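I have placed the structure first, in the form of structure tokens, so that the comments after it can refer back to it.
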Amino acid sequence: MPSMLIDGKAASAASGAIFPVHNPATEEILDHVPQAGPEDARRAIAAANTAFREWRRVTAHDKAHALHEVAARLRAHSEELAHLMTLEGGKPLIENRDEIGWCAACFDYYAELQRNTRGRVIPSVEPSQLAMVLKEPYGVVAAIVPWNYPLLLMSWKLAPALAAGNAVVLKPSEMTPLSALRFGELCCDHLPPGVLNIITGFGDVGRELVVSPDTHLIAFTGSFNTGREIARLAAERVKKTHLELGGKDAFIVAEDADLDVAVPGVAWAALLNAGQVCTSTERVYVQESIAPAFTERLVAFVQTLRLGPGLDPTTDIGPLVGDRYRAKVEDQVEEARAKGARILTGGRRPPQFERGYFYEPTVLTGVDHSFRIMREETFGPTIPIMAYRTFDEAIALANDCDYGLGANLYTNDPRKVKQYYEEVKAGTCWVNDPLTDNDAGPFGGMKFSGGARELGEEGLEEFLETKHVHWDFSPERKSWWFPYGKAERI
């Protein structure tokens, strides 16, 4: 059984409690991990605060070396970590191999970026004064990360937080804790004890991380409802939050789109990781003149995709991570069916699998914005399609949503591209290239998707506080005028 990491040492829960981790493709128990409680969270927070006092003073050169070493260790153990993530999360092995590469690249990026980001000198108002704007770490960051990309979304928080000089207490999802704990075993010897602490548990642990007076920033990726509760608790303590709360991303296909490119592109954007991606395409709007041809070709393409366990090299789409997540998808599809939607393919559990949380990739038409599947986050392998008449209508439909994480467009018309990225309310706008990331480009949402930014210079700024320093180095005495007379400053 793997151990937690507190103050650089292997740790069990104070209560001795453990909980199981399941394989979503077989429903079998993979292993057990410690079930931490609030007392364990407080131990980890105390260790992080002690370590922070030294880590914040480590030179940029030495921090860069430590982060590069983490990246190198990730690459050296990429196959082991990818295999473990496939077992606990269900994502196909090839996708998890990519994820490890992206994690390593993120650590390398912030290793170098932090060398050059530390504020500025500004003009002074007096000759004897030096004025500086400094960027300094918050202190202890509580990072609460989800299960769909357990190491990548961890890295997007951990790398910039550490690069900025913070210490971190990390809580992985209870669905996928094994890869995070193995990461700690492999990589944390390159960091001073207590700079990174990893604890596993449930909501009571997360709540303690949020309400503790000794954590200074809460970084969370997950559901809107949980994020709203975190924001409420943090606001009561006037504590900084960094929230990414999911999306309901739209994909617009214009009439000039090349269907040879657009059909597999939309399928990729909607079905990657069985649709369990924050930026999964969950609403497709196709210009009415090409909608019949597009839909027919999309259904035919989706029917060629193979479901199966993630370790099977022939698998295109793995299982959902758990039964309650599959049930949510089923509820939305069944409601749509009852309201008159047409299920063109999928819409059921595949009969060839007796176990595992599989669900067939599903294409629907005959939907509108009164359907939950067009308004609420689905997080599953569904592709609901609506036809539109004008591009203005397509933009309005894309914006008719509480979320604003990402959006996609296929067109070769530059006028449509400009209107799209100027008018669509989304943090990332892809054109003819769905769901690609760039370590130097900020990622984050608008509206209910949260206002945080990860990656890029903005991602580092999220973990730094701004301080203005006035320094008068003149030895002369100065007098100040007060309403009741003169007083000297000595």
Item to check | Unmet requirement for A10, which otherwise passes all of (1) surrounded by 23 or more Cβ atoms within 10 Å (Cβ to Cβ); (2) not in a helix (DSSP H, G or I) | outcome: (1)
Item to check | Long-range neighbours under 6 Å by Cβ, at least six apart or interchain, first residue over 18 Å from M446 (Cα atoms) within region 410-433, second among the hydroxyl-bearing types (S, T, Y) | outcome: N432/Y410
Item to check | Residue satisfying all of: in region 417-461; touching a helix residue (DSSP H, G or I) at 6+ places or on another chain (Cβ under 7 Å) and among the β-branched types (V, I, T); surrounded by the fewest Cβ atoms within 10 Å (Cβ to Cβ) among these | outcome: V431
Next on the checklist: For R306, only one of the following conditions fails: (1) touching a residue at least 24 places away in the same chain (Cβ under 8 Å); (2) touching a strand residue (DSSP E or B) at 6+ places or on another chain (Cβ under 8 Å). What is its number?
Outcome noted: (1)
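Which ones in region 297-308 are of a type outside the set (D, E, K, R) and either not in a loop (DSSP other than H, G, I, E, B) or not assigned by TED's automatic domain parsing to the domain that holds E377 (or both)?
Step one: of region 297-308, the residues of a type outside the set (D, E, K, R) are 298-305, 307-308.
L298, V299, A300, F301, V302, L307 - these are the residues of region 297-308 that are of a type outside the set (D, E, K, R) and either not in a loop (DSSP other than H, G, I, E, B) or not assigned by TED's automatic domain parsing to the domain that holds E377 (or both).
Could you check region 109-123 and list, in sequence order, the residues that are polar (S, T, N, Q), in contact with a Lys or Arg (Cβ under 8 Å, 6 or more places away or on another chain) and in a helix (DSSP H, G or I)?
Q114, the sole residue that qualifies.
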Item to check | Within region 53-108, considering residues that are more than 28 Å from P309 (Cβ to Cβ) and β-branched (V, I, T), the one surrounded by the most Cβ atoms within 10 Å (Cβ to Cβ) | outcome: V70
Item to check | So V205, is it outside the structural domain of L405 (by TED's automatic domain parsing), touching a helix residue (DSSP H, G or I) at 6+ places or on another chain (Cβ under 9 Å) and either within 22 Å of T176 (Cβ to Cβ) or buried (at least 23 other Cβ atoms within 10 Å of the Cβ) (or both) | outcome: yes
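Determine, yes or no, whether I290 is under 30 Å from R415 (Cβ atoms) and of a type in the set (A, V, I, L, M, F, W, C).
Values: under 30 Å from R415 (Cβ atoms): yes; of a type in the set (A, V, I, L, M, F, W, C): yes.
When the stated conditions are applied, I290 passes them.
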Checklist outcome for this item: Scanning region 344-361 residue by residue, the ones that are of a type in the set (S, T, Y) and in contact with a Lys or Arg (Cβ under 8 Å, 6 or more places away or on another chain) total 2
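Would you mind finding the one in V58, V141 that is within 25 Å of P193 (Cβ to Cβ), of a type in the set (A, V, I, L, M), modelled with pLDDT of 95 or more and outside any strand (DSSP E or B)?
V58
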Checklist outcome for this item: Scanning region 392-416 for residues that are of a type in the set (A, V, I, L, M, F, W, C), in contact with a Phe, Trp or Tyr (Cβ under 8 Å, 6 or more places away or on another chain) and surrounded by fewer than 22 Cβ atoms within 10 Å (Cβ to Cβ) gives L397
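The values are calculated or read from the model by the stated rules, or taken from the named source; none is laboratory data. Model, not experiment: these values are computed from the prediction. Here the Cβ is made from the backbone with ideal geometry for all residues, glycine too, and neighbour counts use every protein chain on show.
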